[in-house]
Each structure stands twice: as C-alpha cells, then as structure tokens.
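Chemist: Below you will find the structure I want to go over with you.
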Amino acid sequence: MNNEEKIQTSEDQLLYLQQLIDQEDKAALIAFFADQEVLEIAHILESFPMKTRHWLWELIPEAFLGEVLAEVDENIRSEYLENLTASDVQQIVQGLDAQEIAEVLDATDDHIKDQVYSSLDEDIRAQVEVLHAYEDGVVGRYMDPETVNVKQGVSLEAVQRYIRIHHLLDDESQEIMITDKEKRLLGTLSLVDLIKYPQDALVDAYMHAPFTLNDQMKVADAAALLRSKELHFVPVVDSDGLLVGQLNAADVLEITQDDADATLKHMSGVSDEEEVFTPIMRSAKSRGVWLGINLMTAFLAASVIGQFEAVLDQIVALAILMPVVASMGGIAGSQTLTVVIRGLALGQIAGSNTRWIYNKELWVGMSNGFVWALVVGLIAQLWFGEPMITLVITLAIFINMSVANISGVLIPLVLKKLKIDPALSGAVILTTITDVVGFLSFLGLATLIILN
C-alpha cells in the first residue's frame, strides 16, 4: 500500500498500521509517524490495545511525545507515565504550553509533579499552577491562562508595536483584551480593528463590550452556552472581573467533545474512564455496578408480575403478550429521555418552557400510544381471537406509552435538580418505571376485565 492509498480513510490507515505491526517493520512505522500530525498519532494510539500501544510509543519521534501525551485519553496517559521518572517527565514536557503541561502532570504523583514544577520556566510554572488550582469540571481548568492583553489608554500603533516586539500573536489569537491597571477586563479589540482604524487612536475608542465566562462556571454549562452563541473565543474572568484566561476554538471543541463523550457513556451506564481498549477486568468492574443496579430494578418488576400469578396461570396469552407492553413503553420513554437530555445539555430547557415540553410529550405519548395500541390490539385479535385480551393489551399499551413519555421528561429534570447527571442514571430509572407501569397496567386490567 503506497502513501496515497493509506491515508484515504481512517480504516485504511488502521489496516495499514496493523500490517506493519504484524511485520514488525519498525522503519516503516517510524517513517509513518514522522509524517503524521499530533492529533492523528493520538488517535492511532487509542486504536490499539495496551501492549501494542506501548510498543508503538517507542517509535514516535521524541519531538512529538509531549504533545501526543497531552492529547491521548487520560487513562492511556496514566499508563505511559506510570513507570517514568521525574527526569523523563521533565524531558517530555519541554516546549509544551501550560495547558499541555497541566494535562500531563495530572496523571503523575505529587512527588514527580513537584520536581517538574521546579524545572519549569517561571512564567509557565505560574500558569500551570493556576490551572491546577481549579477543580475538575470548571471553566478555569480548561482555559488558556496565557492572554494577549494591553492596558487602556494606549494607541493602536503602540499595541501593534508591543505585539510584534514580544511575538504575542499565534494561530489561535482572535482578540486582544483591554484591561485596567489591576487587570480587570474592560473590553476586547479585534485584530481587524487593530489595523483598520487610525493608528493614533486609543484602544478605548474601538474596544467592544466583552462576553465573558466565569472561571468557576461548570464546564458543561459553558459548553452549552458557547454552542448556543456559536462562539469560538471568549475571555475568562474571576468573580472580581479580573482577566484570568481565555477559551479558544480548540478549547471550546475539547469541552464539547468531552461533554458529548461523557453523556453518551453515561446513558449506557459506562464510566468516564472506559474506552474501547480498556483492560477486561477494569471494564467488567466499571460496567458491573450498573448491571447490578439494573438487576435490582428487574427484580422489582418481577415482583409486580408475581402478584398476578393466578391470572397468568389461567391465561397463557397474557404471558406471551406481556413483554410487548414493557418494550413499547421502554422505547417511547427512551426517545423522550434522549431528546430531553440533549436539550438540557444544550441549555435549551429551563423555566416556563418545561411546561410546554410536558404537554408536548404527553400528547406525543398519547398519540403514538393510541396508534400503536390499535396496531398491537389488531395483531392480538388475529392471533388469539379473544376480544377481552385485545381490549386489555390495547389499553395497557396506551397507558404505558403515555406514562413513559411523561417519565422521559420528569426523570432528567428531577435528577438535574438533585445535581445528579441525568444521563448517568436516567435510563435505569426509566426502564424500571416503564416495566412496572407496563406490567401493572396489563396484568391489573387483565384481572379486572377477564377474571372478574
């Protein structure tokens, strides 16, 4: 496979690498990595099991190691750093910016962290310490603490000269921050305005009122806000309005990806730490907790069924049709739950619009419940030819799908008020409700209509 062929798709690239690994062609692998971007190398490492990853790690150009380490999944980063000395880590983080160094040091113990701190440039060390002072999950932990800011009252010409002399602009710089002598943010100046207007004018005349994020804001809330406003750059301030950093396009993308990744995992009862090639025992342990919780809810549903043993003994058709009721309710509720959790993640649900959502989902549940209850009822009638059984399952489907849709709204909203991630436990609670309501309505109606 030539170079042109191997980069057509990620799958082609992966197959090509697997071929080189099988052949143990180190020279070709070294040449391959030397031709890749840092993000591509990080993705490649995440696409192989631990043993292969460690073997590939030795073939990555030394100049890339630090940046790659900062980009890979946190658990993979910990694997690489586990057996490294403080001297090794010092070598790896040379030339990295504060955000990248902070990511790497997060996976080391305090002893190594302190030694690496002492080896850093004073300015970089101060920035890394600022990032590490924040708790996980807040904006301050994701921001870039290095900003391009100038004091109010200076001319546009002076700003340009200052930026050129100190080489302050890079590919991510979009705005210049204007601060007072205490570094309180007053406004922002775009690069276009910097060169567009008379150079003897003061920055105060052309700066814009800034949209800012508080450094203690939850990062998930910040991600939703940035998506809604389509922002790719925003200053970060503390509670006193002092400029402490900025979020660039790359930071915004990382926040969004992490938020979406966590939500997807939580909806399936998978921990944040698990990835495709997580070792067997660690994956089993991570998933086992939620499987155990699900088992308890399943026994709760089974206990409801046990209360109607007499009616099931007499009418076999009920046992055959019973899973249909629970399944239809579960699917209907899951659809609503997914839509509502997404809306919460995007910051679209709050205040008075929750009532509209309740009403909407109730009517959706009733409408679909009515249609599919008739369909299932018709099938049951053709199958068993018993009008009473048809009536029971028709009513039960309608009831369970209506309740399921309301539950799909109520559960995530209540969990959010309790400060519990709706994606983490919402699906388990919903499954329990739809099973219990489905079995209770189906077998309860059967007892009232058929046996009495």
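We did not get these values from a lab; they are worked out from the coordinates using the rules stated. Please read all numbers here as calculations on a predicted model, not as lab measurements. Cβ placement follows ideal geometry from the backbone for every residue including glycine, while neighbour counts extend to all protein chains displayed.
Chemist: What list of ³J(HN,Hα) couplings, whole Hz, do you get for the stretch 407-413 from phi and the Karplus terms 6.51, -1.76, 1.60, once you set θ to phi - 60° and write x for glycine and proline?
Modeler: So the J values, rounded to whole Hz, are 5, x, 8, 5, 4, x, 5.
Chemist: Could you compute the FRET efficiency for Val304 and Phe370, with r as their C-beta to C-beta distance and R0 at 35 Å, rounded to 0.05? Present the calculation step by step, with values, prior to reporting the outcome.
Modeler: Details: r = 25 Å, r/R0 = 0.70.
Taking R0 as 35 Å, the efficiency between Val304 and Phe370 is 0.90.
Chemist: While we're looking at this one, here's another question. From the cross-link list Lys360/Lys417; Lys113/Lys419; Lys113/Lys416, which pairs have alpha carbons spaced over 30 Å apart? Walk me through the numbers before you get to the answer.
Modeler: Working: Lys360/Lys417 21 Å; Lys113/Lys419 32 Å; Lys113/Lys416 36 Å.
Check vs 30 Å cut-off fails for Lys113/Lys419; Lys113/Lys416.
Chemist: If you don't mind, there's one more thing I want to ask. Using mean Cβ contacts within 10 Å as the protection proxy, how do 139-147, 393-401 order, highest first? If you can, show how the numbers build up before the last one.
Modeler: Numbers: 139-147: 21.9, 393-401: 26.3.
So the peptides 139-147, 393-401, ranked by packing, come out 393-401, 139-147.
Chemist: Something else about it: With a 10 Å Cβ neighbour count serving as the proxy for reagent exposure, in which order, fewest first, do Leu321, Leu231, Leu186 appear?
Modeler: Values: Leu321 23, Leu231 14, Leu186 18.
Exposure proxy ranking, most exposed first: Leu231, Leu186, Leu321.
Chemist: Moving on to the next point. If you take the charge dipole of the stretch 26-136 about its Cα centre, with +1 on Lys and Arg Cβ and -1 on Asp and Glu Cβ, which of Gly66, Ser118, Pro49 is farthest toward its positive end?
Modeler: It is Pro49.
Chemist: Which whole number in µm²/s is D for the stretch 149-267 by Stokes-Einstein, with the Kirkwood Rh taken over Cα pairs at 10 °C and 1.306 mPa s? Intermediate values should be presented prior to the final figure.
Modeler: Working: Rh = 15.5 Å.
Result for D is 103 µm²/s.
Chemist: Would you please name the trypsin sites (Lys or Arg not before Pro) within the stretch 362-452 that are DSSP coil residues with at most 12 other C-beta atoms within 10 Å of their C-beta? Write down the numbers at each step before the final one.
Modeler: On the way: sites: Lys416, Lys417, Lys419; in loops: Lys419.
Within the stretch 362-452, the qualifying trypsin sites (Lys or Arg not before Pro) (loop, at most 12 other Cβ atoms within 10 Å) are Lys419.
Chemist: As an exercise, use a Förster radius of 35 Å and the Cβ-Cβ distance of Val414 and Ala133 to find the FRET efficiency, rounded to the nearest 0.05.
Modeler: Efficiency for this residue pair is about 0.55.
Chemist: Could you list Ile349, Ile163, Ile379 in order of exposure, starting from the residue whose Cβ has the fewest other Cβ atoms within 10 Å?
Modeler: On the way: Ile349 20, Ile163 17, Ile379 14.
Neighbour counts put them in this order, fewest first: Ile379, Ile163, Ile349.
Chemist: Return Leu202, Leu247, Leu378 ranked ascending by Cβ neighbour count within 10 Å, so the fewest neighbours appear first.
Modeler: Details: Leu202 15, Leu247 25, Leu378 12.
Arranged by neighbour count, lowest to highest, Leu202, Leu247, Leu378 become Leu378, Leu202, Leu247.
Chemist: If we restrict to alpha carbons, what Rg and Dmax does the stretch 51-149 come to, in Å?
Modeler: Taking only Cα atoms of the stretch 51-149, I get Rg and Dmax of 13.4, 46 Å.
Chemist: Now for a separate question. Quick one: which residues, 5+ away or cross-chain, put their amide H under 5 Å from the amide H of Leu186? H built at 1.01 Å from N.
Modeler: Under 5 Å from the amide H of Leu186: Ile178, Thr179, Asp180.
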